[in-house]
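Nothing in this text is a laboratory measurement; each read-out follows from the coordinates by a stated rule. Being a predicted model, the structure only gives us computed values, none of them experimental. So basically every Cβ, Gly included, is an ideal-geometry build from the backbone, and we count neighbours across all protein chains shown.
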Amino acid sequence: MLLQDSIHTEAIPAPELPDLTEHISSKPMTPYQVLRLLPKDATPAQQDSAIQAWFQPGEVHYSNQPDTLHLPGHGIGRSLKDVNLPQYYRENFFSGSAMYHPEVDGGRYGMAGDPIPYSLRYDNVITSLLLICFIMTMIAYSITKNLIIRQAKDFFNVAKANQDLSETSIEIRMQLFYVAQTSLLLALMYFIYAKANIASTFILNDEYMLVAIFFGVIFAYYIIKYFIYTFVNYVFFDNKRNGHFLHSHLFIDSCEGILLFPITALMIFFEVSSISVTYCTIFVLVLVKILTFYRCYIIFFRQNALYLQIILYFCTLEIVPLIALWGGLSVIANALKIIF
């Protein structure tokens, strides 16, 4: 005969069990007593078969009567699921304990460590932006390499100061990308300056929104400056020299972004001192202004030798907007900082 036990799912031979009828008594036996009747070398299959043969599972009938256990002299307790139950009835001494309510977080054990301060070198978004800038710079340089070399050769050539330049639309777009990169790098530098000297926390949700605001302000500064240059130069100078100066100015701003990129990378990833970064940045900005002043003199004022006019022209269109940009960024940073 083949039987099926709870351990094996396939039919197995029935184990040889000892005769337990002689042990039947009027009292019900427990599983422990049934297993004690088996020999000591009984296998788990034999033990399981003996339990199944001795005990027959029956239907369980749970009581539907309410729990009447309560203190003497007090009424029957009310269920906590009752929505009309008063709040003082629900609360007790252990209501706020995490041991009494496992769903409530009881906090950590031990002493909490000091949090790691925010750093741009551990920021994946900023690292990705700089990596994208580096890749796009290489792509833009491969497209505008001939234009950059030609403009670099003719930059200090006085004889070719007013010579027409042939630039394609792709080369102009790549130079505008360099201007956007310059705005991004200056935004990162000013963001680090604001975190160190203005405030460590701001009312914005994350740090990237503040960097985006700085980037938008600086990029708008470059665009507005180009429009002002175009308007002023069209009033006082001819279209040919005005166009040539705009191409030169775009080239200078592109070179500014290329020079600022290694400075920003050293500051973020190699923790170069802020004093060294400040000196390098000031050197790049002063060099850019000197080159811009030189191109203004060569293109517009060399033939007339108007020294006072070029100083006024340069201060109005270069120095004053730069000071206004610094002041605007300071106002924005102070307006967004959290005052404790």
Cut-off under 5 Å, modelled amide H: who pairs with T201 long-range: I338
Distance in nm between pseudo-label sites at Q309 and Y226 (7 Å out along the Cβ direction from Cα): 2.7
Inter-label distance for Y32 and I143, nm, one decimal - labels placed 7 Å from Cα along Cα-to-Cβ: 8.6
FRET efficiency estimate (nearest 0.05) - Cβ-Cβ, D82 to I116, R0 51 angstrom: 0.55
Size descriptor, Kirkwood hydrodynamic radius, that averages inverse alpha-carbon separations across segment 218-315, Å: 15.0
Cα-derived Rg over Rh, computed across segment 197-252 with Rh taken as Kirkwood radius: 1.25
Selection from S254, F314, G327 lying farthest towards where the dipole of segment 244-340 points positive, charges on Cβ: F314
Reduced Cα scattering model of segment 153-301, Debye log10 I(q)/I(0), q = 0.13, 0.18 Å⁻¹: -0.68, -1.12
